1. Applying the selection to the stretch 413-438, what residues are closer than 18 Å to ALA466 by Cα and either part of a helix (DSSP H, G or I) or touching a Leu at 6+ places or on another chain (Cβ under 7 Å) (or both)?
2. Inspect all residues belonging to the stretch 187-199 and state whether any of them is closer than 15 Å to ASN438 by Cβ and at pLDDT 85 or above.
3. Which one of these does ILE154 not meet: (1) closer than 22 Å to ASN458 by Cβ; (2) surrounded by 22 or more Cβ atoms within 10 Å (Cβ to Cβ)?
4. Do the conditions hold for GLN156, that is, is it at pLDDT below 85, out of contact with any Leu (no Cβ under 7 Å at 6 or more places or on another chain) and more than 29 Å from LEU530 (Cβ to Cβ)?
5. For a quick check of your reading: which helices (runs of 4 or more DSSP H) sit entirely within the stretch 277-360 and have at least 3 residues that are of a type outside the set (Ser, Thr, Tyr)?
6. Name the residues in the stretch 471-511 that are crowded, with 23+ Cβ neighbours inside 10 Å and outside any helix (DSSP H, G or I), would you?
7. So for the stretch 75-84 (the condition being at pLDDT 75 or above, over 30 Å from ILE485 (Cα atoms) and basic (Lys, Arg)), does at least one residue qualify?
8. Specify the residue that is surrounded by the most Cβ atoms within 10 Å (Cβ to Cβ); the eligible residues are those in the stretch 417-468 that are among the small types (Gly, Ala, Ser) and under 18 Å from ILE336 (Cβ atoms).
Amino acid sequence: MASPSAVDYISEQPKEIRQLDPRGRTEPAAVDGGDAFEEHGDGRVSLPTWATVKHKLTTRDGWFGDYDFGYLCMPQLPCSFGRGKKEMRSAQFYGLNESMPLMLAIICGLQHALAMLAGLITPPIIFAGQLGFSGARQNQMVAVSLLASGILSIVQMTRVPIPFTNKRYWLGTGLITVVGTSFATLSTASAIFSALYADGTCPSTVVNGTVVRGACPEAYGMLLGTSCLCSILPMAMSFVPPRILKRIFPPTVTGVVVLLIGAKLVGESGALNWMGGSGACRSRPAEGLFALCPSINAPHPLPWGSAEFLGLGFLSFMTIIIIEFVGSPAMRSASIILGLAVGCLVAGPLGYIDSSSIRTAPAITFLWVETFPLKIYGPAILPMLAVYISLAMEAIGDVTASSEASRQPVKGALFDSRIQGGVLADGLNGLLSGLAMNAPVSIFAQNNGVISVTRCGNRFAGYVCACFLILFGILAKISGVFLAIPNSVLGGVTTFLFASVAVSGLKILSTASFSRRDRVILAAALSFGLTTMLVKDWTSYIFTYKGGNAALKGFMNSLIIILSTPFLIAGIIASLLNATLPLDADDEDKAQHPPLLLDDDATDSLESGRHAGAATSRSARADEDDKGL
């Protein structure tokens, strides 16, 4: 019988087909014959034996092993500028199926949680601000976002076969694919909320020439109800072969969508909050409640755009940059949350922080005591379907990046089933998230970078991350701390975060061949997307139907929502042209002989930081990781 130290804590494939390579990593051995999953295993989770649990909890080796914790925690000061002029330390890579020390799993799981924490709290805070919610309701929305992310991440990471399909279809990826409230919903939700306030469904008043929105829980309930209905689409898409999905939605389509999502969020949320707030104070009224930001009742109110606000946000922004120079791998993977912490450490003594949200928050959150009235809003169906299509395409890219970063196959039956299971779980999680009073969730790309930086792709660390997120959601004081962060500090960090989303779109576009056909598609899509982003009011002069036909009016409202959301209209234009525009002779030749960067071994995803070329060997990729990460 194997010793406890040789037994995996969580294993996804039989011991008899696993072996160690010269670097000490566990790799699957090739097996002749059998079904399509035999070579790499089928990706399912196996529960640990009692001997494994006892060994992990009662021995020093089980807690600490021989891992170099100094690599993870000690700053790596540069000897000189330029990555090629300094030698960086490296540590063992813990793959998906390897036994790892408990302490390392806890540290890496916390790093994954911290890396996505700012992204998880931002959407509910933005939603609450747009709908005029009270502090207590904002606290609950942040807590629900954290709790839903933790629970639904477990669904995505726990890969199980769908019964009666003979392992043809699966639910979940089996990788560290942590999910969170999606940024892609923000722009569409903003257009939906604006339409509901404009038609009188939600209350608003005019104070000193400034429109002030009243609380409208009905609008959020409509967003949730509509998202639950539209989540059926990605679940249906998951049964379409991944190759067909990639052909329908190539990088020229998905890249422009992600690029415009990031750009839109920078202009409508990140930069506005950096200057003081995205609410009514941004118009700088001469008098009234919002003459100063965030309001005249704030602890340290100032006019929108004041140098003090700019300085606080810039401090948080530069903290992220400095950490990339001198931070340890653990610090770099948590740079966003550290940027918030440094900004708050300065803003607190200067009197910018309102601690009422912390004082009034209970110690433990009892969620779902207060719910939102779920309802389907007809004009929002088409826009939400487009959002879910973009989320499915993003999920394909993220699963590809996670597989490559975790040193798992990026082609073949196992990889295809991971994509199918990931898209299906994304759709199911969208439904469950809406029922849990949270906006749609999607796979977060930040964790692909964490895998590369911490050199840990172990699924057990992913489960620890999910547990931390659930804990953060239960402890309401933590939500209160996030709500107390000044707008300028939050804006400085989220501007960087949203700009990173736009850069991810550029990265996806870089995998396109940029033929004449691709350039035409991109130019046409960006023509509409940038017009909608830069000339925001052009849609208010079209489709101005005033008749009594409710169905026609709802259809017109749906078109206005699509036209007023840059990434939706750009994605639709790009998809239509990609499906109809004929190929040139050169394009047909490239389609038959695609470049290495575009084949199945390529990583065409967000935040992976590397591409796996078809000609790149496993040992070369491992050497690159040792030198660069």
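1. We begin by selecting, within the stretch 413-438, every residue closer than 18 Å to ALA466 by Cα; these are 422, 425-426, 428-430, 432-433, 436, 438.
Listed by number, the residues that qualify are GLY422, ALA425, ASP426, LEU428, ASN429, GLY430, LEU432, SER433.
2. Yes - at least one qualifying residue is present in the stretch 187-199.
3. That leaves (2) as the condition not met.
4. Working: at pLDDT below 85: no; out of contact with any Leu (no Cβ under 7 Å at 6 or more places or on another chain): yes; more than 29 Å from LEU530 (Cβ to Cβ): yes.
No, not satisfied.
5. In the stretch 277-360, the matching helices (runs of 4 or more DSSP H) lie at 307-326, 329-333, 335-347.
6. Across the stretch 471-511, the qualifying residues are ILE485, PRO486.
7. no
8. In the first step, residues of the stretch 417-468 are kept if they are among the small types (Gly, Ala, Ser); the result is 417, 421-422, 425, 427, 430, 433-434, 436, 439, 442, 445, 449, 452, 457, 461-462, 466.
Applying the additional criterion that residues be under 18 Å from ILE336 (Cβ atoms) yields 442, 445, 449, 452.
Values: SER442: 27, ALA445: 24, GLY449: 20, SER452: 24.
Ranking the candidates gives SER442 first.
The values are calculated or read from the model by the stated rules, or taken from the named source; none is laboratory data. This is a predicted model, so every value here is computed, not measured. Cβ sites come from the backbone with ideal geometry, for glycine too, and all protein chains shown count toward neighbours.
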